[in-house]
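Novice: Take a look at this one; I'll ask things after.
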Amino acid sequence: MKTIRFFALLASLLPALALAVPEHRAIRVATPWPAQNAIIAMLGYGQNIVGTSATAQRIPLFQQVYPAIAKVPVISVTSGHEINPEQVIALGTQLLFLPESMETPQSRLLQQAGVQVLTLRANSMQALRERVTLSGKALGPDAERVASRYQRYFQRNVDLVRARLQDLPAEQRLKVYHSMGGSLTTTGRPSLNQDWMDLAGAVNVAEHWFQGKPNSRGEVSLEKIAQANPDVIVAMNQRDAALMRSSPQWQGVRAVQQQRVYVNPQGMFWWCRETSEEALQFLWLAKTLYPQRFEDIDIAQETRRFYHDFFGINLSDEQVDAILHPQ
């Protein structure tokens, strides 16, 4: 029922949010939002990015698919989360994607220069799906069709996972710790990370650790993690996973003892973050946590199919393995 209400509300908002930008593939788009680059690419406009982020440029698969991204100017962002409007205008930007958290000083200057700014919500599953839809609307009919197809695929995965886990007793749900940007940095409720853990049937040990804090995110002590004693750890990068597996300080944690420390998949961006690949994240985690309930789901084949259908990429076996087991 919540999903139906969400898309009904979204449909009512779309006409008012339509942008006066050219509905063709010549449109010049820019975003300092790393994960938004992946959404733009999925919608068919990766080659149209004229301003990007340094983080997006470093993602191996993005480099392979769009090698020109290495030469695209990086949009500078100040420590106060402000962008330089003169730089955006100089890039010939027609459509600028920004998160709500980012300031746009001199927005009138951007408007006078013909730059349309689309500011989008983040840090929840609903916001992510909304962002894909609105980005498609802004880019044009061809992108809208991809966005609609994506929403159907996303909902298919949601329904599949919920059906498989609906009778899983609370006492059998595994406790999970997710590190991001550092081994001791994590998130609680509300957050995007909490949402995909909820969907995958995981109990986020950090769920109540950051109540009232911005973005429900922060750094914690190793003692706090050890006390929570998660069954599984999902590290956002290989560096942190290696530290956890080898450091004597982590050896008392159940997940480390049972060799259940996993590195989060990374494709065009980290699946666990604000990317369209989120449609795979909770399916991957559910399969990882409860393999007996997803025996018929081949994550490698699901990954190959997703990137073919939504990015037009024919992945090699090596590329699929690199996505699922990033170094």
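The values are calculated or read from the model by the stated rules, or taken from the named source; none is laboratory data. Because the structure is a prediction, the values reported are computed rather than measured. So basically every Cβ, Gly included, is an ideal-geometry build from the backbone, and we count neighbours across all protein chains shown.
Novice: Kindly indicate the residue of region 159-189 that is among the aliphatic types (A, V, I, L, M) and over 19 Å from D240 (Cα atoms) and also nearest to the chain's Cα centre (by Cα) among those meeting that condition. Talk me through it step by step, then tell me what you get.
Specialist: Filtering region 159-189 down to residues among the aliphatic types (A, V, I, L, M) leaves 160-161, 163, 165, 168, 170, 174, 176, 180, 184.
Subsequent filtering for residues that are over 19 Å from D240 (Cα atoms) retains 160-161, 163, 165, 168, 170, 174.
Working: L160: 20, V161: 18, A163: 23, L165: 23, L168: 26, A170: 27, L174: 23 Å.
Out of the qualifying residues, it is V161.
Novice: I would also like to ask the following. Are there any helices (runs of 4 or more DSSP H) wholly within region 104-190 with 2 or more residues that are among the aromatic types (F, W, Y), and if so which?
Specialist: By residue number, 141-165.
Novice: How do the helices (runs of 4 or more DSSP H) wholly within region 268-327 filter down when requiring 1 or more residues that are under 20 Å from Q151 (Cα atoms) and out of contact with any Ser or Thr (no Cβ under 8 Å at 6 or more places or on another chain): which remain?
Specialist: Counting at least 1 such residues, we get 278-289, 299-311.
Novice: Given the structure, is S76 within 19 Å of the chain's Cα centre (by Cα) and not assigned by TED's automatic domain parsing to the domain that holds Q266?
Specialist: So S76 does not fit the description; no.
Novice: Are there any pairs with C-beta distances below 7 angstrom linking a residue in region 227-242 that is at positive phi and at pLDDT 95 or above to a residue that is crowded, with 22+ Cβ neighbours inside 10 Å and among the hydroxyl-bearing types (S, T, Y), with the two at least 6 apart or on different chains, and if so which?
Specialist: Matching pairs, first to second residue: none at all.
Novice: Same structure, new question: Only one of S101, S148 is in contact with a His (Cβ under 8 Å, 6 or more places away or on another chain), of a type in the set (S, T, Y) and either more than 26 Å from P190 (Cβ to Cβ) or at pLDDT below 95 (or both). Can you tell me which?
Specialist: Working: S148 fails: in contact with a His (Cβ under 8 Å, 6 or more places away or on another chain).
Among S101, S148, only S101 is in contact with a His (Cβ under 8 Å, 6 or more places away or on another chain), of a type in the set (S, T, Y) and either more than 26 Å from P190 (Cβ to Cβ) or at pLDDT below 95 (or both).
Novice: Next up: Just checking, how many residues over region 95-121 are farther than 12 Å from T31 by Cα and either touching a Lys or Arg at 6+ places or on another chain (Cβ under 8 Å) or of a type in the set (G, A, S) (or both)?
Specialist: Going through region 95-121 one residue at a time, the tally reaches 6.
Novice: Would you tally the residues in region 202-225 being under 21 Å from the mean Cα position of the chain (by Cα) and of a type in the set (S, T, N, Q)?
Specialist: The number of residues fulfilling the criteria is 3.
Novice: For region 104-157, name all the residues that are touching a residue at least 12 places away in the same chain (Cβ under 8 Å) and among the acidic types (D, E).
Specialist: Of all residues in region 104-157, those touching a residue at least 12 places away in the same chain (Cβ under 8 Å) come to 104-107, 109-110, 113-143, 146-151, 153-155, 157.
Result: E130, D142.
Novice: For region 165-206, give me each residue that is surrounded by fewer than 20 Cβ atoms within 10 Å (Cβ to Cβ) and of a type in the set (D, E, K, R).
Specialist: Across region 165-206, the qualifying residues are D167, E171, R173, K175, R189, D198.
Novice: Pairs please, first residue from region 184-209 and touching a residue at least 60 places away in the same chain (Cβ under 8 Å), second anywhere and of a type in the set (S, T, Y) and assigned to a strand (DSSP E or B), Cβ atoms under 6 Å, 6+ apart in sequence or on different chains.
Specialist: Pairs found: N193/T187.
Novice: If you don't mind, there's one more thing I want to ask. G136: closer than 30 Å to P85 by Cα and assigned by TED's automatic domain parsing to the domain that holds A279, yes or no?
Specialist: Working: closer than 30 Å to P85 by Cα: yes; assigned by TED's automatic domain parsing to the domain that holds A279: no.
Spelling it out, it is not the case that G136 is closer than 30 Å to P85 by Cα and assigned by TED's automatic domain parsing to the domain that holds A279.
Novice: Search region 230-268 for residues being under 19 Å from N193 (Cα atoms) and polar (S, T, N, Q), and hand back the single one that is surrounded by the fewest Cβ atoms within 10 Å (Cβ to Cβ).
Specialist: Q238
Novice: Given the condition farther than 21 Å from G218 by Cα, of a type in the set (D, E), in contact with a helix residue (DSSP H, G or I) (Cβ under 6 Å, 6 or more places away or on another chain) and in the same structural domain as G51 (by TED's automatic domain parsing), answer yes or no: does some residue in region 143-154 qualify? Even if it seems obvious, please write down each step before you answer.
Specialist: Just the residues of region 143-154 that are farther than 21 Å from G218 by Cα, to begin with: 143-154.
With of a type in the set (D, E) added as a condition, the list becomes 144.
Filter once more, so that each one left must be in contact with a helix residue (DSSP H, G or I) (Cβ under 6 Å, 6 or more places away or on another chain): 144.
Filter once more, so that each one left must be in the same structural domain as G51 (by TED's automatic domain parsing): 144.
Yes, some residue in region 143-154 is farther than 21 Å from G218 by Cα, of a type in the set (D, E), in contact with a helix residue (DSSP H, G or I) (Cβ under 6 Å, 6 or more places away or on another chain) and in the same structural domain as G51 (by TED's automatic domain parsing).
Novice: Out of V72, V29, V65, V50, which single residue is farther than 25 Å from Q111 by Cα, modelled with pLDDT of 50 or more and of a type in the set (V, I, T)?
Specialist: Every option except V65 fails the conditions.
Novice: Suppose we keep only residues that are more than 30 Å from E103 (Cβ to Cβ) and among the charged types (D, E, K, R) within region 119-158. Which one would you say is farthest from the chain's Cα centre (by Cα)?
Specialist: D142
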